[in-house]
Amino acid sequence: MTRVTVSSSEAMDLFLDLAKLRLVAPFMAGPITVTEVAKLVGVSASALGYWVKRAVDWGLLERVGEDRPARYQAVATDFVMDPTAVMPFEDMLERRDRSSWDRMLRGYAREYRRVSEDWTFRVHLEGGELLHRDLVPTWALEEPELASSAMPLNEWGVMLLSRAQARALREQLQRTIEAFFAQSTEEESDEKYLFHVALVRDAGHAP
């Protein structure tokens, strides 16, 4: 299939929203029925059918053959678009990542509640210069390290690095992620973990 340029703002919204995109992504792999995809993504066939119809109207999916039930596939495996033609760049980034952030926040809330139902938000200075903003189980307020091993990883911070050090850190993080992907198998894994790794020059706080 050839590369397809998307210009419809509604279609762009589908691609930017991960929750919507995952509904039609299986059609990019080849012809498949709505019922089969609904089982894969865990939604009702009727709900998925709504998005399939819209994706067909937007020229993203097409029916293949005359079989019953109908099979659909994406018109391409490579879509490109310029969302900034219809929205500010910052809005595009926010809309692209919104559903992933929401999913991660729900995951944090669930894991925190497994540790404790009673939490304290603590702001404190360490060493006269390092400011911490931590959620601490109230029962562990005096000894927060007691709960640290059960807490999900959620570190934010700022560090001083040369550009060479920043490149080395990025490459090391990437290698670590790839190594664990290589070890991961559905047969051996008990649970699915969501991760987000970021390293970027600090733009400072918004005014």
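The values are calculated or read from the model by the stated rules, or taken from the named source; none is laboratory data. In this text the structure is predicted, and so the values were computed from the model without any measurement. Quick reminder, even Gly has a Cβ in these numbers, built from the backbone with ideal geometry, and neighbours come from all protein chains shown. Calculation scope for accessible area: heavy atoms of the full protein, side chains included, ligands and nucleic acids excluded. Shrake-Rupley method; radii C 1.70, N 1.55, O 1.52, S 1.80 Å.
Couple of notes before you dig in:
- Isotropically averaged projected area of the range 35-112, using the convex hull of Cα atoms (one quarter of hull area), nm²: 7.5
- Distance between the modelled labels on residue 114 and residue 67, one decimal in nanometres: 4.0 nm (7 Å Cα→Cβ projection).
- Euclidean distance between Cα centres, the range 110-149 to the range 1-67, Å: 44
- Summing charges over all other residues whose Cβ lies under 14 Å from the Cβ of residue 89, with Lys and Arg as +1 and Asp and Glu as -1, gives -3.
- Counted over the chain with a bin width of 5 Å, the fraction of Cα pairs per bin, in whole percents, is 1, 5, 9, 11, 13, 15, 14, 11, 8, 6, 4, 2, 0, 0, 0.
- Residue-normalised accessible area of the chain, given per residue in Å² at a 1.4 Å probe: 76
- Between residue 53 and residue 171, the modelled labels are 5.3 nm apart [label points 7 Å from Cα along Cα→Cβ].
- D_trans [Stokes-Einstein, Kirkwood Rh over alpha-carbon pairs] for the range 52-154, 4 °C, 1.567 mPa s, µm² s⁻¹: 69
- Given R0 = 41 Å, the distance between the Cβ atoms of residue 162 and residue 10 translates into a calculated FRET efficiency of 0.35.
- Ellipsoid semi-axes in whole angstrom, largest first, where each is sqrt(5λ) of the Cα gyration tensor of the range 1-64: 18, 14, 11
- Gain on full stretching of the segment that runs from residue 97 to residue 32 - 0.36 nm per residue minus C-alpha separation: 20.6 nm
- Take every Cα pair under 8 Å whose residues are at least 6 apart in sequence, average their separation, divide by the length of the chain, and the relative contact order is 17 percent.
- Within a straight-line Cα-Cα reach of under 26 Å, residue 192 can be paired with the following lysines, leaving aside sequence neighbours fewer than 8 residues apart in one chain: 20, 39.
- Relative to the current alpha-carbon distance between residue 78 and residue 203, full extension at 0.36 nm per residue lengthens the span by 41.8 nm.
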